[in-house]
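Contents: one structure, followed by commentary.
Here, each number is a calculation from the coordinates, and none is a lab measurement. Note that the coordinates shown come from a computational prediction; the quantities given were computed from them, not determined experimentally. Please note: Cβ atoms are built from the backbone with ideal geometry, for glycine as well, and neighbour counts cover all protein chains shown.
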Amino acid sequence: MKVNFTETVLRDANQSLIATRLPFEKFAPILSDMNKAGYYSVECWGGATFDSCLRFLNEDPWERLRKIREAMPDTKLQMLLRGQNLLGYKHYPDDVVRKFVELSVKNGIDIIRIFDALNDVRNIRVAVEETVKQGAHASGAISYTTSPVHNLESYVKLAKEMRELGVSSICIKDMAGVMSPREAYELVKALKENVDLPIVVHTHCTAGLAFMTYLKAIEAGADVIDTATSCFSGGTSQPATETLCYALRDLGYEVDLDDKQLSKINSFFAPIRNEYLQNGTLDPLMMATDTACLDYKVPGGMLSNLVSQLKMQNAMDKFDEVLTEVPRVRAELGYPPLVTPMSQMVGVQAAQNVLLGERYKSIGKEVKAYVRGEYGKAPGKIDEKLAEKVLEGEKPITYRPADDLEDEFEKTKAELGDRARCDEDVLSYIAFPQVAEKFFAERKKREENTVAYTIRRID
Ligand code: CO
């Protein structure tokens, strides 16, 4: 049996360990080697890369994508997309989602992994449809979590719904790294038996489960796993590419990776990793194993958010109480997966419930919007008393949240005028208005300086 690898060093590994602070110039020299490594795909765009390019790196994310495409003509390039939220946390109108997908594919993307934080398929429908229309591979991702309303049946149902939409593969996306080897085995097996599509598994090493989880997933028939070159693996990142390649081959699986290239790639990234360790961008703790999430059933990232929130309010003595409150709030909200933005919503509400001495004395704006159905459908039933308190006699919306959004692309394009040079600019602006505006201004200034310099030189 063959196992395929998606390399994540340019996106998730980089996002999880060094907050996506890797400029294009730093990794450009290794792209031609990565192109020859034999990966199933290279995840290199979407997620936080887009925002980080504009906000911190002064890079045009679209240009980055075109450059990667040019340097890696033979490898499938992959991106992560949050369905109707694109790369952020609010819903965008359909015309914007379609344009974003169209231009992502035109600029070089082959595979778009599409997910919704609540697993509401209505929120991924338009992105999947457009991906298929553009001739790219749509991978439908399940936001993995455990709860009384999440089980093999519900996940198989979700995967079947995604297949109906036209996805070419199903990804089990364990963003928090909490999926156990047994859970992975059972879920992959159920999906394989019921949905005739390739299965991709994505997890993180945070809790130390990932290698075992991948192995059991592969034993159950998983087709693709996400890994990171070894110096950018482990901790909050993915398991190491080389290790899994070695172990799987040793077990008799067929792996298409080229060992020489893998070693070259890792030697290239190792000094970069060391540089980020030295300048403090990479906290060594991020590379360690943290099992607290297994004890508390709360993702690692959410635990650290809670700690800093309580420290800020001088309330660390309430930590245990808040941790007990988290699962209660989550249950009352219908068991949303604890991923952004739900993890923050649940965490902040649990802390408020404890610190104010009365449950739901104050209810967060986002929690209210969620209860009103503005994020999509809750996986389970929302507690009646809480719903009553928020809705005050009104009904939650039952339609798809983006249904009442008006087209935005052409209007924004007209408003931007010559500040946007192309449709890609318009999308950058719609996704991150202030950040893009600042980027456009700096780009213009930079070019003016270059022109002046060039003229002087010629003179
Ligand atoms: Co991830």
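Assorted remarks:
- Cα Rg over Rh - the stretch 4-278, Kirkwood: 0.94
- Which of Asn314, Ser263, Thr289, positive extreme of dipole for the stretch 197-341 (C-beta unit charges): Asn314
- Contact order normalised by residue count of the stretch 4-278, Cα under 8 Å, 6+ apart, percent: 19 percent
- Placing pseudo-labels 7 Å out from each Cα toward the beta carbon at Glu392 and Ser304 gives an inter-label distance of 3.9 nm.
- Computed from the alpha carbon atoms alone, the convex hull of the stretch 285-402 holds 116 Å³ per residue.
- Residue among Leu80, Thr20, Leu31 farthest towards the positive dipole end of the chain, charges placed on Cβ: Thr20
- For Thr450, Thr131, order by how many other beta-carbon atoms lie within 10 Å, fewest first: Thr450, Thr131
- FRET efficiency estimate (nearest 0.05) - Cβ-Cβ, Arg328 to Lys90, R0 30 angstrom: 0.65
- Ignoring lysines fewer than eight residues from Lys67 along the same chain, the ones with Cα atoms less than 18 angstrom from its Cα are Lys26, Lys36, Lys76, Lys106.
- With 0.36 nm allotted per residue and the present C-alpha distance subtracted, the Lys381-Met312 stretch has 21.5 nm of extension available.
- Dividing the helix sum by the residues of the chain, where each DSSP H run of 4 or more adds -39500 (n - 2.57), gives a mean residue ellipticity at 222 nm of -15000 deg cm²/dmol.
- Amide H within-cut-off set for Cys171, under 5 Å, with H built and near neighbours excluded: Gly140, Ala141, Ile142, Val200
- Label point 7 Å beyond Cα of Ala19 along Cβ direction - residues of the stretch 280-322 with amide nitrogen under 18 Å: 280-288, 301-309, 312
- Rounded to the nearest 20, the Cβ-based charge dipole of the stretch 285-402 about its Cα centre (Lys and Arg +1, Asp and Glu -1) stands at 360 debye.
- Dividing the alpha-carbon radius of gyration of the chain by the rule-of-thumb value 2.2 N^0.38 Å gives 0.99.
- Projecting the Cα atoms of Gly334, Ala420, Gly376 onto the dipole axis of the stretch 331-432, where Lys and Arg carry +1 and Asp and Glu carry -1 at the beta carbon, places Gly334 farthest toward the positive end.
- Its Cα centre serving as origin, the stretch 4-278 has a Cβ charge dipole (Lys and Arg +1, Asp and Glu -1) of approximately 440 debye.
- The Cα-based radius of gyration of the stretch 196-269, divided by its Kirkwood radius, gives an Rg/Rh of 0.96.
- In the structure shown, the pairs Lys133/Lys445; Lys192/Lys365; Lys160/Lys395 are assessed against 32 Å; a Cα-Cα span above that value is assigned to Lys133/Lys445; Lys192/Lys365.
- Ranked by the mean number of other Cβ atoms within 10 Å per residue, highest first, peptides 185-196, 390-401 order as 185-196, 390-401.
- Chymotrypsin sites (Phe, Trp or Tyr not before Pro) restricted to DSSP loop in the stretch 188-277 with at most 11 other C-beta within 10 Å: none
- Dipole in debye (nearest 20) - the chain, about Cα centre, beta carbon charges: Lys, Arg +1; Asp, Glu -1: 400 debye
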